[in-house]
1. For the range 408-434, how many residues are within 16 Å of the ligand (Cβ to nearest atom) and in a loop (DSSP other than H, G, I, E, B)?
2. Only one of Ala400, Ala336 is within 8 Å of the ligand (Cβ to nearest atom) and open to solvent by 10 Å² or more (accessible area, probe 1.4 Å); which?
3. Run His23 past the list (1) on the phi < 0 side of the Ramachandran plot; (2) open to solvent by 40 Å² or more (accessible area, probe 1.4 Å) and report the number of the one that doesn't hold.
4. Run Gly469 past the list (1) surrounded by fewer than 22 Cβ atoms within 10 Å (Cβ to Cβ); (2) within 22 Å of the chain's Cα centre (by Cα); (3) within 16 Å of the ligand (Cβ to nearest atom) and report the number of the one that doesn't hold.
5. Criterion first (within 16 Å of the ligand (Cβ to nearest atom) and of a type outside the set (Lys, Arg)) does Thr370 satisfy it?
6. So for the range 317-332 (the condition being within 26 Å of Ile627 (Cβ to Cβ) and either among the aromatic types (Phe, Trp, Tyr) or within 15 Å of the ligand (Cβ to nearest atom) (or both)), does at least one residue qualify?
7. Does Glu363 fit the bill of being open to solvent by 30 Å² or more (accessible area, probe 1.4 Å), farther than 16 Å from Thr428 by Cα and within 11 Å of the ligand (Cβ to nearest atom)?
8. Pairs under 8 Å by beta carbon, first residue closer than 15 Å to Asp551 by Cα in the range 570-593, partner assigned to a helix (DSSP H, G or I) and among the β-branched types (Val, Ile, Thr), six or more apart or different chains?
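The values are calculated or read from the model by the stated rules, or taken from the named source; none is laboratory data. For clarity, every value in this text was computed on a predicted model and none was experimentally measured. A quick note on method: Cβ atoms are made from the backbone with ideal geometry, for glycine too, and the neighbour counts reach across all protein chains shown. Areas reflect the complete protein model, heavy atoms only, side chains present, ligands, DNA and RNA absent. Shrake-Rupley method; radii C 1.70, N 1.55, O 1.52, S 1.80 Å.
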Amino acid sequence: MTAITEFVDLDCHNRVAVLTVNHPPFNSLNHGVRKGLKEGVVAALGDAAISAIVITCAGQTFIAGSDTTEFTKPPQEPGLHEVLDLIEGSAKPVVAAINGSTALDTGLEITLACHYRVALKEARFGMLLAVKLGLLPGAGGTQRLPRVVGVELALQMIVSGAMISADEALRHGLIDAIVEGDITAAGVAFAEKVVTEHWPLRKTCDLEDKLDAARGKPEIFANFRQSVARQTRGFKAPEYCIRAVEAAVHLPFAQGLERERELFFELINSLESKAQRYLFRAEPKAAEIPDVPADTPAKEIHKAAVIGAGTMGGGIAMNFANVGIPVTVVEVAQEALDHGLGVIRKNYENTAARGRLTAQDVETRMGLITGTTDFNAVADADIIIEAVFEEMPVKKEVFAKLDTIAKPDAVLATNTSTLDVNEIAAATSRPESVIGTHFFSPANVMRLLENVRGAKSSPTTIATAMAMGQRIQKVPVLVGVCYGFVGNRMLHQRGKEAEKLLLEGALPHQVDKVLYDFGFPMGPFAMGDLAGLDVGWRIRKGRGEQSAIADRLCEMGRFGQKTGAGYYKYGTGRTAIPDPDVEKIIVDVSAQFGITRRLISDEEILQRLLYPMVNEGAKILEGKIAIRASDIDVIWVYGYGWPVYRGGPMFWADFAVGLKALRDRMLEYQEQLGGDHWQPTALLNELADQGKTFTGYHSTLSYEGLYGRRTLP
Ligand SMILES: NC(=O)c1ccc[n+]([C@@H]2O[C@H](COP(=O)([O-])OP(=O)(O)OC[C@H]3O[C@@H](n4cnc5c(N)ncnc54)[C@H](O)[C@@H]3O)[C@@H](O)[C@H]2O)c1
């Protein structure tokens, strides 16, 4: 076997040349692989003793996409198009021999340029990454895939990320045979057959049948657009992918490729794709904690316990059961326990009714959840998560009790959303084992987990909470102790300004529409109605705070959707209907405060809702409550529905608004409206003056730990 490059070997089996990509673990396509494939094909073409070429991969998977670290580097020759043209134009047949488990993205695009394809039974095929990164498969994928599998399936694979099995691939013509045993031997045998039986050089670019079937049927595209409209709202890439596939149908291959390239470059330079690629890197980055290195021992979780089977406790327990971890749920009274377990069962049964779980799955998961009123049952749990009432004396009592019962090395976590984790930790004799695990509601659905590091949380406690988050399929982000942590602290700024906008002249549906159009699933008032206005009301009362309009609605029993009325009225469904009664209340309250109502533009609404949030994010960075700006963005995307294609509030401030423009506008609002929250924080001023960004800031940040007691090496 000859190594052509570090990543590609060439081997000859009689008259068949075999090119084997060997770039573990995913055989991702990088410069060395492209170069190796090119040189291997050229060598095979120049060797008179060779009649066919097989392309395969070593290890567990065929090429599973591109090496994404190359995206930010200058392109290096040969480009992928050059390699694909060489393969497709080869005068000797080229067979892709696809080993399990996947041929993805550029891996699949390479196979499409081959004349024939065979695969192991376990292989799966898809175009997952391009659209996720705000791109389209730009190596001919949008032109070749519809020619091979037809327009409808190609759209599903390219736009919706549908994966297909080897059986389906065979049925749809994506592969020519399913083979068994050694993939190289099987590929060589297939290539021998092609040569012996004089099979034609089938070039994908020449295939027309499946395109013909879609010609003159614009409804195929119209229907598809409609079917994905909801989940792709605001994203640029899905529409561009569809346009590229339309080009495959309407243009000759070469022109279609050109169109694909044009669309690709437009996407790669778009802020939407930049935001998506930024978030793609930001999510794993959130797991990096400067003073808790990746090799910090984390405690294995064989058994978990949850205290409280209310709204949050039930959802948290489900997360453990969903991944096969037994979990004990403790309640004060049997009635509350029965109710909590009943809600969990109903949740699972609803999922089963939608076909996403089997009846057996429901029983298996319920079987992993043990309810009890006996606190001693948590004695063997590796992690105990408290989700009782949000009252400090109750939390302290629970933690003092846990301290006497839990194993010495158990992690003790609190789901508090507003209380001081340090004070809770101080109720135990082991504050180093205490940490906040702030789940979001519904806890079994929402991906975000803010892990709240206490002043004394040990590295192992932190590492365990982060690893647990990943194990239960959440996106854990480490934050520090402060009121509201990161997400709710910023949300609070938005909420305050939303109420002011109502007092000054806007109405709930106008404010909500601005944020919906920005890309949020809903605006602050619709969200308040969904969550229940009484929750905030109770918190405000506890803190001696007021919110004139919201308080008035609550006093009238308008708690939101659950009472059929809040900022909106609701019919039988969940559709929010603007309510003249609420408008009257708002106008009255404005008058009561002596405010002359005025027309407020959508632009002003957007700026006034989001700029104070960004400023608060800057304060959070200054106070080292978040490690880096991208962590704040991850929190907003996974916890609050910030539109992915806008990257998160800090990315958006950096690149969509610009920090200088944002700061200057804040100063104008400060002059116009007054209020401390319009005072740009020092970090914002500094970065704006220097033309720098939040997202670039963390790399220069001297990380001193959330309490100034740790220093970066
Ligand atoms: N609801 C949310 O949206 C949300 C979101 C994030 C965090 N949180 C936090 O999660 C915690 C729980 O909130 P929730 O909404 O689930 O409240 P909840 O009122 O729905 O449930 C609390 C449960 O705890 C039980 N309980 C009270 N004292 C107990 C004790 N000593 N031992 C055992 N069980 C006890 C109660 O019987 C009740 O079932 C609070 O700290 C809250 O701030 C709530």
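1. Quick first cut of the range 408-434, residues within 16 Å of the ligand (Cβ to nearest atom) only: 412-425, 427-428, 434.
Cutting the leftovers down to in a loop (DSSP other than H, G, I, E, B) gives us 415-420, 427-428.
Result for the range 408-434: 8.
2. Ala336
3. Every condition holds for His23 apart from (2).
4. Tallying (1) surrounded by fewer than 22 Cβ atoms within 10 Å (Cβ to Cβ); (2) within 22 Å of the chain's Cα centre (by Cα); (3) within 16 Å of the ligand (Cβ to nearest atom), Gly469 fails exactly one: (1).
5. On the way: within 16 Å of the ligand (Cβ to nearest atom): yes; of a type outside the set (Lys, Arg): yes.
Judged against the criteria, Thr370 is a match.
6. The answer is yes, given that some residue of the range 317-332 is within 26 Å of Ile627 (Cβ to Cβ) and either among the aromatic types (Phe, Trp, Tyr) or within 15 Å of the ligand (Cβ to nearest atom) (or both).
7. Working: open to solvent by 30 Å² or more (accessible area, probe 1.4 Å): yes; farther than 16 Å from Thr428 by Cα: yes; within 11 Å of the ligand (Cβ to nearest atom): no.
So Glu363 does not fit the description; no.
8. Close Cβ pairs (under 8 Å, with a partner that is assigned to a helix (DSSP H, G or I) and among the β-branched types (Val, Ile, Thr)) amount to Ile585/Ile549; Ile586/Ile549; Val589/Ile549.
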